[in-house]
Amino acid sequence: MIKGSVLRDAIISGANVIENKKHAVDELNIFPVPDGDTGTNMSMTMSAARKELLQMGDSETVSSVADKAASALLRGARGNSGVITSLLFRGFSKGLKGLETATGADLANALTIGVEAAYKAVMKPTEGTILTVGRVAAERGRVAASFNDDVNYVWDEICNAAEDALETTPELLPVLKRAGVVDAGGQGICLIFRGMQSVFRDGIIAAAESSAAEATQDADSFKSTVAQFDEVINFTYCTEFIVEKENDNDPAKLRAFLETIGDCVVVVDDDEIIKVHVHTNQPGDAISKGLTYGSLISNKIENMRKQHENAGAAAPKKFERVDPVEGAVGFVAVAAGDGLVSLFHDLGCENVVSGGQTMNPSTQDILAAVQATPASTVFVLPNNKNIIMAAEQAVPLADRRIIVLPTKTIPQGLTAMLTYNPEEGVDENAVDMFKAAEKVGTGQITYAARNSEFNDKKIKEGEMLGLVNGKLVFTEKSRSKAIAKLAKQMIKRDTAFITLIYGADVTDDEAEETRRLIETKIAKNVEVTLINGGQPVYYYILSVE
């Protein structure tokens, strides 16, 4: 039987172990894409609990310790692996509710509750992952407790079962077997369990090898990653307007005209309206051209240079809660790179959470942005498949309605925002926005962060990687060849719109040359909109509609 102080120390110990081994867990990821990897996400999630637990005294009950850990983990969860880890420990808060001390049977029961919650949270649970490892561990823990409910005995069986299950993950997931690795999330939870066992069995908290200075350096590194790209303003006015169609004029010609007077051009049309966004020095010319297609419904013109000056003089924005305005609808997006952040703001997102690849924001980060949005209903666009679950965890925590649109890429998020129609109801908009997002094809060019092997092909660190809708489809030696190959694969005869978003490491000249290449050699009859996204990690993001 253990006291609350023992459970507290055990969870702290588990957090220390996964922090020490996070890079080794990251290396288990099958795809060598430089993103917010499993070990890093699990470590940061557990660190949120450690921070809270270190402030608790020795007189706490196991119930209060479990509650404190569960709350911190829920809010600090990052990435899918972090969310699932938080759900496993949420079971502790439910299974140990009201208890001063806990037996091995209590812990096994608590873990079982957590496993059940984790399975329910995943839309399509996949065996051979952290879910399998947690489930098998809980099952053996319950069996062990039926013979002997000593905490040390039961938890040792849980650890052994988890490690046994981890070894089976390559047999359950062929992609793991081909890569010659076990599941990264499963490995992470095994390490956390063993860290806890160090306290249960020996009374020793595993030491954290990394220093506080290193943790601070990591945080500062992230801040610089998402803030280092000082936006270059080529045109003064952010111009947006909506035109109600009154003739059959081709919107592609409007798009082509806007390209001659500005940049960051986005034109979306349906049977009834045309929505336009452009940065230009001639907003009047843009609107006048739009009026040749029909009646103006709404328009907004903002001086970006003045906004940029004001932003530069102000302190970095912190999300502060505001009261929800009844009946109002707001938007929160996740993005990295000044250009993309500005674009989402232009399209109506009151708050943009810094993050995406290289750093998945936590549930608390997303919740804070929602609570800072003056609306009773807030749409959240994660724009990354590894952020969707963290966003969904914010839903029950908010004091206003959250609708998570499961956008997996930046282009999907942009299209969803452009599809929003203020004349329609919230639920109708949610359906329309997601349907529109699903039709968007997304291509990405990035680099291999490490040597790897995929589909029997060896990938060398630094090689260019081409991804289509999140799937790795080819490698190339040079960036120019990679983007050309990607465009050829994605652009079809019925392609109507192409948007090329270039990142922080691509010069304006290179991006313009790439745009010309696509327009003249690959998609001769389709205008290519060029946007300086300033995003890290991805040299190019290609949106095809």
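Brief remarks on what is shown
- Here's the list of lysines a cross-link from Lys3 could span, going by alpha-carbon distance under 28 Å and ignoring same-chain residues fewer than 8 apart: Lys21, Lys51, Lys68, Lys94, Lys97.
- Potential lengthening between Ser295 and Arg493 on full extension [0.36 nm per residue; Cα-Cα distance subtracted]: 68.1 nm
- Pairs from the table (Lys124/Lys492; Lys460/Lys524; Lys245/Lys435; Lys300/Lys488) lying more than 29 angstrom apart at Cα are Lys124/Lys492; Lys460/Lys524; Lys300/Lys488.
- Gap separating the Cα centres of segment 321-390 and segment 98-114, nearest whole Å: 36 Å
- Close amide H contacts of Ile459 (hydrogens built in the peptide plane, cut-off under 5 Å, sequence separation of 5 or more or a different chain): Ser452, Glu453, Phe454.
- At q = 0.11, 0.12, 0.16 Å⁻¹, base-10 log of I(q)/I(0) for segment 26-174 (Debye sum, equal scatterers on each alpha carbon): -0.43, -0.51, -0.91
- FRET efficiency, 1/(1 + (r/R0)^6) with R0 25 Å, evaluated for Ser480 and Lys457 via beta carbons: 0.75
- Cα long-axis angle, helix 104-121 against the chain (0 to 90 degrees, to the nearest 10): 20 degrees
- Per residue of the chain, the DSSP helices (runs of n ≥ 4 H) give a summed -39500 (n - 2.57) that works out to -15500 deg cm²/dmol at 222 nm.
- Surface calculation, 1.4 Å probe, protein heavy atoms: Lys477 sits at approximately 150 Å² accessible.
- Rounded tilt (10° steps) of 426-438 against the dominant C-alpha axis of the chain: 80 degrees
- Per residue, the chain exposes 43 Å² of accessible surface when a 1.4 Å probe is rolled over the protein heavy atoms with every protein chain present.
- Cα gyration tensor, the chain - rounded (a/c under 1.5), prolate or oblate: prolate
- The slack in the chain from Glu519 to Arg201, taken as 0.36 nm per residue of separation less the alpha-carbon distance, amounts to 107.9 nm.
- Between 0 and 90°, nearest 10: helix 79-95 axis offset from the chain longest Cα axis: 40 degrees
- The share of C-alpha pairs in segment 1-74 whose separation exceeds 13 Å stands at 64 percent.
- Paramagnetic label zone (point 7 Å from Cα along Cα-to-C-beta, Lys94; backbone N under 20 Å) in segment 69-83: 69-78, 80-83
- For segment 476-545: relative contact order, % (alpha-carbon pairs under 8 angstrom, 6 or more apart): 47 percent
- Contact order, relative form, for the chain: 13 percent (alpha carbon pairs under 8 Å, 6 or more residues apart, mean separation divided by residue count).
- Relative contact order (percent, whole number), segment 50-113, Cα cutoff 8 Å, 6+ residue spacing: 34 percent
- Accessible area of Ser295 (1.4 Å probe, protein heavy atoms only, ligands and nucleic acids ignored): about 50 Å².
- Overall, the anisotropy analysis places segment 357-449 in the oblate class: the square-rooted eigenvalues a ≥ b ≥ c of its C-alpha gyration tensor yield a/c not less than 1.5, with a/b not exceeding b/c.
- Measuring nothing but protein heavy atoms, the accessible surface of segment 336-423 at 1.4 Å probe radius is 50 percent carbon and sulfur.
The values are calculated or read from the model by the stated rules, or taken from the named source; none is laboratory data. All figures in this text were calculated on a predicted structure; none of them were measured in a lab. Neighbour counts run over all protein chains shown; Cβ positions are idealised from the backbone, glycine included. These area figures cover heavy atoms from the full protein model, side chains too; ligands, DNA and RNA do not enter into them. Shrake-Rupley method; radii C 1.70, N 1.55, O 1.52, S 1.80 Å.
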